[in-house]
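A short write-up of the structure that comes next.
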Amino acid sequence: MSLKTSPARVENRGSPCGLRRQRLFTPGPTPIPERVQTAMAGTPVYHRGPEFPALLRNAVEGLQEVFPTSYDVFLLSCSGTGVMEAAVANTLCAGDRALVVQAGQFGARWTDLCRAYGVEVVEREFPWGEAVDPQVVAEALRDDPGLRVVFATHSETSTGVLHDVASIGEILSDTEALFVVDGVSSVGAHPLPLEACNVDLAVTASQKGLMLPPGMGMAAVGPRVWKAHGRSRLPKFYWNLEDYRTSMSEGRAPATLPVTLLAGLRAVLQMLREEGIPRVWERHARHARAVRGSAAALGLTCFARRPSNALTAILLPGSVDGVALTEYMRRECGVVVGGGLGEYRGRMVRVSNLGYVDDTGILEAVTALEIGLRQTGWEFEAGAGVKAAQDALTAEG
Ligand SMILES: *Cc1c(COP(=O)(O)O)cnc(C)c1O
């Protein structure tokens, strides 16, 4: 394998096949199963009607299995960022100090959200691709015992890193600080056992591991959060989780929920239970392993030091134009993958196996990656990535 210096050749040579199916391998939105699409095509349920409380209860109980947790789970009409904002608004006061440990674009969002509310942020930032060192949390809290909340990210979607939430939680076990975790791209791909990890509040959203369209945010809220809520003076109305607690205990919501997504969620939960939730996590692990194996076989580097099973961020050689690569894969192969974010734009592809992806889907994604890489001037033994993926997918255990 060698670095080829010839200029990138990316032109539309016209697919011999007129058909253009689109296959999403993006870390949100993710593909929606046919069964879920059908479930959402029905007449919307009236959110004040008699069927609604059971639909809501089913969603809450199912999500408790998926996290897993026994905490109250609240559903909100919003994207992931909205429910992150709710986590800030319900736990803090203006002028409070909070710790944000982050190493990527979504981790940095906690900082922006806190600052928007006048919360003073102590930030511990790690380079993209690295995992947060849990020891910095211990040090930061030793330096400033007044830190009220620690914000972290489980699966950092911009880098493909899985942060060590369990170790951070262990450090927090004998402190007063609340632990709030962004599980938007991890829930459904990895277990996030909240009680065992000392997480007080975790958020996720519909369009990632939960195989739904965007539009619904979810928050799992533990008992310590309600104490903080009592003293929290940040302005909130739509985001006031206390109102959700009151109405959801009566099978209602304080504002209209996306009832279509709730109908879809019922089908999603059925599918996850049929497969078995631990097996869903294992599938994500196996698929991510296959993509990482392919990248290595193609002579490429996986970016994440501690990789998430939701997606694989692959660093591209300097000679490959990542924007041209992802555009070629989309246009010619119908395979949509994520590109690099921030300063990694054009230098990375992020191949997601999050949600409704099967073994053949992984082979499709890797095949398209190979075809695209060839077009953008990277040389390797044809089929090496696909073979590595097949080997990983058929390996025992
Ligand atoms: C997608 C994502 C978000 C933001 O979700 P939106 O639904 O786009 O607001 C936040 N955190 C992580 C880790 C994500 O992957």
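Key figures for this structure:
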{"read-out": "Residues listed by number, the range 176-209, amide nitrogen under 20 Å from residue 226 label point at 7 Å toward C-beta", "value": "176-181, 194-196, 198-203"}
{"read-out": "Backbone HN-Hα couplings from phi across the range 367-381 [Karplus 6.51/-1.76/1.60, Hz, Gly and Pro as x]", "value": "4, 5, 4, 4, 4, x, 5, 4, 5, 9, x, 9, 9, 6, 6"}
{"read-out": "Amide H partners (placed H, <5 Å) of residue 179, local residues excluded", "value": "150, 200, 201"}
{"read-out": "Kirkwood Rh (inverse of mean 1/r, distinct Cα pairs), the range 37-88, angstrom", "value": "12.9 Å"}
{"read-out": "Rounded D (µm²/s) - the chain, Kirkwood Rh over Cα pairs, Stokes-Einstein at 25 °C, 0.890 mPa s", "value": "113 µm²/s"}
{"read-out": "Solvent-accessible surface (1.4 angstrom probe) belonging to residue 252, in square angstrom, nearest 10", "value": "70 Å²"}
{"read-out": "Rounded percent of accessible protein surface that carbon and sulfur make up, the chain, 1.4 Å probe", "value": "51 percent"}
{"read-out": "1.4 Å probe accessible area per residue over the range 264-318, in Å²", "value": "39 Å²"}
{"read-out": "Length released on extending from residue 70 to residue 105, taking residue separation times 0.36 nm less the Cα-Cα span", "value": "9.6 nm"}
{"read-out": "Gained length - residue 20 relative to residue 358, 0.36 nm times residue gap less alpha-carbon distance", "value": "119.7 nm"}
{"read-out": "Surface/4 estimate of mean projected area, convex hull on alpha-carbon atoms of the range 31-162, nm²", "value": "10.5 nm²"}
{"read-out": "28 Å Cα cut-off, lysine pairs counted over the chain (separation 8 or more, or different chains)", "value": "4"}
{"read-out": "Calculated from backbone phi, Karplus (6.51, -1.76, 1.60) coupling profile of the range 195-200 in Hz, x at Gly/Pro", "value": "5, 5, 9, 6, 7, 8"}
{"read-out": "For the range 159-263: accessible area per residue (Å², 1.4 Å)", "value": "34 Å²"}
{"read-out": "Percent RCO, i.e. relative contact order, over the chain, from Cα pairs under 8 Å lying at least 6 residues apart", "value": "25 percent"}
{"read-out": "Rounded accessible area of residue 175 (nearest 10 Å², 1.4 Å probe)", "value": "40 Å²"}
{"read-out": "Heavy-atom SASA rank of 236, 227 (probe 1.4 Å, accessible area, largest first)", "value": "227, 236"}
{"read-out": "Per-residue ³J(HN,Hα) for the range 137-154, Karplus 6.51 cos²θ - 1.76 cosθ + 1.60, θ = phi - 60°, Hz, x for Gly and Pro", "value": "5, 4, 5, 4, 6, 5, 5, 9, x, x, 4, 8, 9, 10, 9, 9, 10, 7"}
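The values are calculated or read from the model by the stated rules, or taken from the named source; none is laboratory data. Remember, predicted model here, so these are calculated numbers, not experimental data. Heads up, the Cβs are rebuilt from the backbone with ideal geometry, glycines too, and the neighbour counts pull from every protein chain shown. Note: areas computed on protein heavy atoms with side chains; ligands, DNA, RNA excluded. Shrake-Rupley method; radii C 1.70, N 1.55, O 1.52, S 1.80 Å.
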